[in-house]
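Colleague: Below you will find the structure I want to go over with you.
The values are calculated or read from the model by the stated rules, or taken from the named source; none is laboratory data. Please read all numbers here as calculations on a predicted model, not as lab measurements. Cβ: placed from backbone, ideal geometry, glycine included. Neighbour counts: every protein chain shown. What goes into the accessible areas is simple: the full protein's heavy atoms, side chains included, and nothing from ligands, DNA or RNA. Shrake-Rupley method; radii C 1.70, N 1.55, O 1.52, S 1.80 Å.
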Amino acid sequence: MSQIPGVYGVDEQIRSLLDQSITRHYMTECKDTGGKVVAEYVWIGGLGHDMRSKGRTLDKRPTKPSDLPNWNYDGSSCGQAPGTDSEVYLIPRAIFKDPFRGGDHILVMCDCHEPPRVQPDNSVIPMKPIPGNTRVACAEAMEKVKEEVPWFGIEQEYALLNVATKWPLGWPKGGYPAVQGPYYCSAGAGVSIARDVCEVHYRLCLYAGLEISGINGEVLPSQWEYQVGPCTGIDMGDQLWMSRYIMHRVCEMFNVECTFDPKPVPGDWNGSGGHVNFSTKATRTAPGGWDVIQEHCKKLEKRHAIHIAVYGEGNERRLTGKHETSSMNDFAWGVANRGCSIRVSRMTPVDKCGYYEDRRPASNLDPYVVTKMLVESTLLM
């Protein structure tokens with residue numbers, strides 16, 4: 001008899017496109033790169049959520065982003081520039097260890113800019129961010145509030161799909177598994193699906209130097225979560241985007257798809273969120289921190305509609321007031337209440353200080369936009 005009634009094991013098998021033992025052989029045996037270092041430049045593509053990258057060889061390992069040269073790419077192939085003027089510049093912003101190549105090789109988080117242009121009078125128009133670059137505005141806001149030392153932690157939920165069928169891994173073909181309940185944080189065949197992806201991603205993020213703070217299985221079968229943070233200011237956006245890049249690379253190896261869609265399966269199933277935990281020096285300081293948090297909630301209520309508008313595409317399919325969400329049309333906050341827009345930790349009123357969780361952002365949130373909105377609404381207005 002099944003340990004959990006209605007739950008059966010999974011017989012679906014996914015194979016990688018190529019034989020990765022060949023790759024492992026040469027990556028393991030050919031470690032001597034003659035003192036050269038490979039820097040993989042990573043950026044966000046024209047869809048606003050697609051991750052792009054390309055590598056270049058350096059003579060030595062840089063110690064900070066400004067040591068790296070700016071680079072460029074074909075923006076017309078990423079939906080970010082016309083073919084007649086296709087160069088987009090990459091500006092290195094953050095460096096992480098490369099868990100795929102190992103050694104001194106690095107991953108470089110970049111943002112995208114239009115190149116400088118010479119005018120007919122020989123004057124030069126300087127570089128400027130491309131329209132989809134949300135990092136620059138976020139960095140400006142974080143600079144203004146740096147004395148408040150804003151800390152963020154983002155809970156990134158995602159679902160794993162069969163890349164050929166676009167159906168969740170481990171689900172019956174064209175059908176549905178047992179109803180939700182036995183899957184959250186569970187162990188065992190049939191209830192924990194594709195844990196290997198989650199564990200490999202976790203290990204590679206730790207190796208890369210990301211502030212990944214935990215993982216867990218989620219409510220929807222084949223849905224998982226990892227948390228990044230606490231991170232200060234602009235680092236939050238850089239680290240979450242790089243964690244997503246690493247996730248896509250891991251899924252590439254397993255030949256599965258990671259989706260950050262806020263409602264991967266319609267119907268009576270949980271969606272995927274990107275809850276943001278937020279605190280400042282003032283909220284973390286007792287005894288007045290609890291009062292500051294309550295003031296923040298009042299400010300956030302006044303700008304609820306503005307926040308909702310930029311908290312993730314398709315979020316209206318998730319924020320229905322069901323499945324541990326608030327309605328996107330209403331604002332509420334409460335202690336330990338997962339049905340509210342803002343959840344305050346149970347210990348915060350006791351300790352008179354702490355943090356709060358904005359549960360409205362979708363799993364496909366742009367962390368640069370959302371963290372900027374939080375500091376803008378609570379600290380700059």
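Colleague: Among the numbered conditions (1) free of Cβ contacts under 8 Å to residues at least 40 places away in the same chain; (2) among the polar types (S, T, N, Q); (3) touching a helix residue (DSSP H, G or I) at 6+ places or on another chain (Cβ under 7 Å), tell me where Ser16 comes up short.
Modeller: Exception for Ser16: condition (1).
Colleague: Sticking with this structure for a sec: Can you report the number of residues in the range 191-210 which are within 15 Å of Arg244 (Cα to Cα), in contact with a Pro (Cβ under 7 Å, 6 or more places away or on another chain) and buried (at least 16 other Cβ atoms within 10 Å of the Cβ)?
Modeller: As a first pass, look at the range 191-210 and keep what is within 15 Å of Arg244 (Cα to Cα): 197-210.
Then drop every residue that is not in contact with a Pro (Cβ under 7 Å, 6 or more places away or on another chain), which leaves 204, 207-208.
Checking the rest, the ones that are also buried (at least 16 other Cβ atoms within 10 Å of the Cβ) come to 204, 208.
Residues in the range 191-210 being within 15 Å of Arg244 (Cα to Cα), in contact with a Pro (Cβ under 7 Å, 6 or more places away or on another chain) and buried (at least 16 other Cβ atoms within 10 Å of the Cβ): 2 in total.
Colleague: Filter the range 344-361 down to the residues that are part of a loop (DSSP other than H, G, I, E, B) and either closer than 30 Å to Thr259 by Cα or in contact (Cβ under 8 Å) with a residue 60 or more places away in the chain (or both) and list them by number.
Modeller: Kept after step one, since they are part of a loop (DSSP other than H, G, I, E, B), are these residues of the range 344-361: 345-347, 352-355, 359-361.
Once the filter is applied, which keeps residues that are part of a loop (DSSP other than H, G, I, E, B) and either closer than 30 Å to Thr259 by Cα or in contact (Cβ under 8 Å) with a residue 60 or more places away in the chain (or both), the range 344-361 yields Ser345, Lys352, Cys353, Gly354, Tyr355, Arg359, Arg360, Pro361.
Colleague: Looking at the structure I just gave you, is Lys173 assigned to a loop (DSSP other than H, G, I, E, B), among the basic types (Lys, Arg) and under 28 Å from Ala137 (Cα atoms)? First the steps, then the outcome.
Modeller: Working: assigned to a loop (DSSP other than H, G, I, E, B): yes; among the basic types (Lys, Arg): yes; under 28 Å from Ala137 (Cα atoms): no.
No, not satisfied.
Colleague: While we're looking at this one, here's another question. Give me the residue from the range 82-97 that is open to solvent by less than 50 Å² (accessible area, probe 1.4 Å) and within 15 Å of Arg52 (Cα to Cα) and, out of that set, farthest from the chain's Cα centre (by Cα). I'd like the intermediate steps shown before the answer.
Modeller: The initial filter retains those residues of the range 82-97 that are open to solvent by less than 50 Å² (accessible area, probe 1.4 Å), namely 86, 88, 90-92, 94-96.
Applying the additional criterion that residues be within 15 Å of Arg52 (Cα to Cα) yields 88, 90-92.
On the way: Val88: 23, Leu90: 20, Ile91: 20, Pro92: 19 Å.
Among them, the one singled out is Val88.
Colleague: Starting from the range 288-300, keep only residues that are within 20 Å of Pro361 (Cα to Cα), then list their pairs with residues that are of a type in the set (Gly, Ala, Ser) and assigned to a helix (DSSP H, G or I) whose Cβ atoms are within a distance under 8 Å, requiring at least 6 positions of separation or different chains.
Modeller: Qualifying pairs under 8 Å: Lys299/Ser377; Leu300/Ser377.
Colleague: Here is a further query. All but one of (1) on the phi > 0 side of the Ramachandran plot; (2) touching a residue at least 24 places away in the same chain (Cβ under 8 Å) hold for Asn122, so report the exception by its number.
Modeller: Condition (2) is where Asn122 drops out.
Colleague: Take the range 362-381 and flag every residue that is in a loop (DSSP other than H, G, I, E, B) and either open to solvent by less than 40 Å² (accessible area, probe 1.4 Å) or not hydrophobic (A, V, I, L, M, F, W, C) (or both).
Modeller: Listed by number, the residues that qualify are Ser363, Asn364, Leu365, Asp366.
Colleague: Does Ala141 fit the bill of being closer than 30 Å to Ser86 by Cα, of a type in the set (A, V, I, L, M, F, W, C) and in contact (Cβ under 8 Å) with a residue 60 or more places away in the chain? First the steps, then the outcome.
Modeller: Details: closer than 30 Å to Ser86 by Cα: yes; of a type in the set (A, V, I, L, M, F, W, C): yes; in contact (Cβ under 8 Å) with a residue 60 or more places away in the chain: yes.
Judged against the criteria, Ala141 is a match.
Colleague: Follow-up question, since we're still on this one. Please verify whether the range 336-343 includes one or more residues that are part of a strand (DSSP E or B) and crowded, with 16+ Cβ neighbours inside 10 Å.
Modeller: Looking only at the range 336-343, we keep the residues that are part of a strand (DSSP E or B), and these are 342-343.
Those still in the list that are crowded, with 16+ Cβ neighbours inside 10 Å too: 342-343.
Yes, the conditions are met somewhere in the range 336-343.
Colleague: Starting from the range 49-65, keep only residues that are open to solvent by 60 Å² or more (accessible area, probe 1.4 Å), then list their pairs with residues that are part of a loop (DSSP other than H, G, I, E, B) and modelled with pLDDT of 95 or more whose Cβ atoms are within a distance under 7 Å, requiring at least 6 positions of separation or different chains.
Modeller: Listed by first residue and then by second, the contacts come to His49/Phe260; His49/Asn364; Arg52/Gly45; Arg52/Cys78; Thr57/Lys36; Asp59/Lys36; Arg61/Asp104.
Colleague: Keeping to the range 240-283, report how many residues are charged (D, E, K, R) and out of contact with any strand residue (DSSP E or B) (no Cβ under 8 Å at 6 or more places or on another chain).
Modeller: The total comes to 5.
Colleague: Shifting gears a bit: Of the residues Ile154, Ile234, only one is in contact with a Lys or Arg (Cβ under 8 Å, 6 or more places away or on another chain) and aliphatic (A, V, I, L, M); which?
Modeller: Going through Ile154, Ile234 in turn, just one is in contact with a Lys or Arg (Cβ under 8 Å, 6 or more places away or on another chain) and aliphatic (A, V, I, L, M): Ile234.
Colleague: Quickly run through the range 124-183 and pick out the residues that are open to solvent by 30 Å² or more (accessible area, probe 1.4 Å), of a type in the set (S, T, N, Q) and more than 30 Å from His113 (Cβ to Cβ).
Modeller: Thr165, Gln180
Colleague: Another question, then. Among the residues of the range 95-115, count how many are out of contact with any Leu (no Cβ under 9 Å at 6 or more places or on another chain), assigned to a strand (DSSP E or B) and under 22 Å from Ile246 (Cα atoms).
Modeller: The total comes to 2.
Table: residues versus (1) open to solvent by 10 Å² or more (accessible area, probe 1.4 Å); (2) closer than 22 Å to Lys372 by Cβ; (3) out of contact with any Gly (no Cβ under 6 Å at 6 or more places or on another chain); (4) assigned to a loop (DSSP other than H, G, I, E, B).
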position	(1), (2), (3), (4)
Asp238	no, yes, yes, no
Met247	no, no, yes, no
Cys251	no, no, yes, no
Lys263	yes, no, no, yes
Arg284	yes, yes, yes, yes
Gly312	yes, yes, yes, yes
Thr325	yes, no, yes, yes
Asn329	yes, no, yes, yes
